[in-house]
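The values are calculated or read from the model by the stated rules, or taken from the named source; none is laboratory data. This one's a predicted model, so the numbers in the text were calculated from it and none came from an experiment. Accessible surface is based on the protein model in full, side chains and every heavy atom, while ligands, DNA and RNA are left aside. Shrake-Rupley method; radii C 1.70, N 1.55, O 1.52, S 1.80 Å.
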Amino acid sequence: MGNAQSGNAPRTLAAQERRFALALLAPALVLLLAITTAPLVYLLWNSLQHLDMSMPWLAGFAGLDNYTKMGGDPRFWNSLWLTVIYTSSTVALQIVVGLSLALLVLRIPKGQGILRVGAILPIVLAPVVVGLFWRTLVLAPDVGLVDLVTRALGLGSYNWLGDPRMALISVIAIHTWQWTPFAFLVLLATLSTLPEDIYEAARLDRAGPWQRFVYITLPLIRPAIVVVVIMRMMTALSAFAAIFAATGGGPGSATEILNLYAYRTSFTELNIGYGSALAVVLMIVTLIISYCMFRLRRPR
């Protein structure tokens with residue numbers, strides 16, 4: 001009888017610990033559900049409704065009408081195409097420039113700490129501040145820093161944010177400038193941990209710099225590159241504040257990526273149902289891309 005009681009004691013203690021852990025976890029779990037799951041469910045519900053504040057008498061259940069409407073909406077396809085261009089361009093530039101800077105700085109024995117601190121500065125700035133900074137000081141016609149340089153070189157003056165052809169390039173440059181330091185810092189930290197003996201063996205085998213980079217460096221830092229691509233791609237897909245502060249999505253719809261189109265539709269045109277459906281599509285695209293990128297992290 002005593003042995004049975006002593007055997008039940010650990011199980012009772014384990015059950016009490018589980019209940020105590022659940023009691024500690026419950027408030028955070030409830031808060032997480034309240035601020036994430038509940039809004040997503042509400043967004044999905046709104047996307048199935050006719051919610052046009054300019055015509056409230058037409059409110060009601062729409063089913064999949066908001067989603068089928070996108071098929072014949074040229075503005076949706078334009079915003080989706082701009083999102084693809086914006087995301088792929090900014091992520092590719094951040095990886096290429098960040099990796100190039102990391103390889104360069106790695107060869108500098110002194111002053112790396114100062115360079116790391118300086119690289120953090122664009123990241124800590126709020127995207128709205130970055131957008132306004134570029135709009136008023138860097139890309140402003142006639143008085144902006146870029147215009148001063150182009151005129152000094154005899155290339156003339158340009159309306160960087162007012163020209164539909166230049167506006168998308170400008171917002172890509174803004175996003176790349178702010179977030180390239182993130183890729184630089186991650187890749188620099190990864191490169192600094194690579195074993196030197198592998199490179200020494202490659203030199204003994206008469207492998208050139210390009211061969212060492214392609215066949216040794218890139219495979220070793222591949223997991224870090226994939227992580228950077230995933231994080232930067234998710235940020236680019238949800239970009240809003242910097243573009244809104246710099247161009248507002250204009251001129252016209254030249255920089256209206258899908259996130260901005262959903263915002264304009266919901267809060268400017270007051271068509272909340274269709275805007276919610278656009279936001280759901282953006283969320284699905286982000287999840288699919290993230291899933292595919294996470295699969296690339298698996299070692300071959």
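If amide hydrogens are placed 1.01 Å from N in the peptide plane, which non-local residues have theirs closer than 5 Å to the one on ALA140?
Here the answer is LEU145, since their amide H atoms fall under 5 Å of that of ALA140.
Amide H neighbours of GLN49 under 5 Å, counting only residues 5+ apart in sequence or on other chains, H built in-plane at 1.01 Å?
For GLN49, whose amide H was placed from the backbone, the distant partners under 5 Å are ALA62.
For semi-axes √(5λ) of the Cα gyration tensor in Å, several values are listed as (1) 44, 21, 17; (2) 39, 38, 18; (3) 33, 21, 17; flag the one computed from this structure.
(2)
To the nearest 10 Å², what's ASP163's accessible area with a 1.4 Å probe?
Taking all protein chains as shown, ASP163 has close to 40 Å².
Per-residue ellipticity at 222 nm for the chain, helices alone: DSSP H runs ≥ 4 residues times -39500 (n - 2.57), over residue total, nearest 500 deg cm²/dmol?
-22500 deg cm²/dmol
What ranking of PHE184, PHE213 comes out by heavy-atom accessible area, probe 1.4 Å, highest first?
Correct descending sequence by accessible area is PHE213, PHE184.
Please report the relative contact order for the chain, taking Cα pairs under 8 Å with a sequence separation of at least 6, and give it as a percent rounded to a whole number.
28 percent
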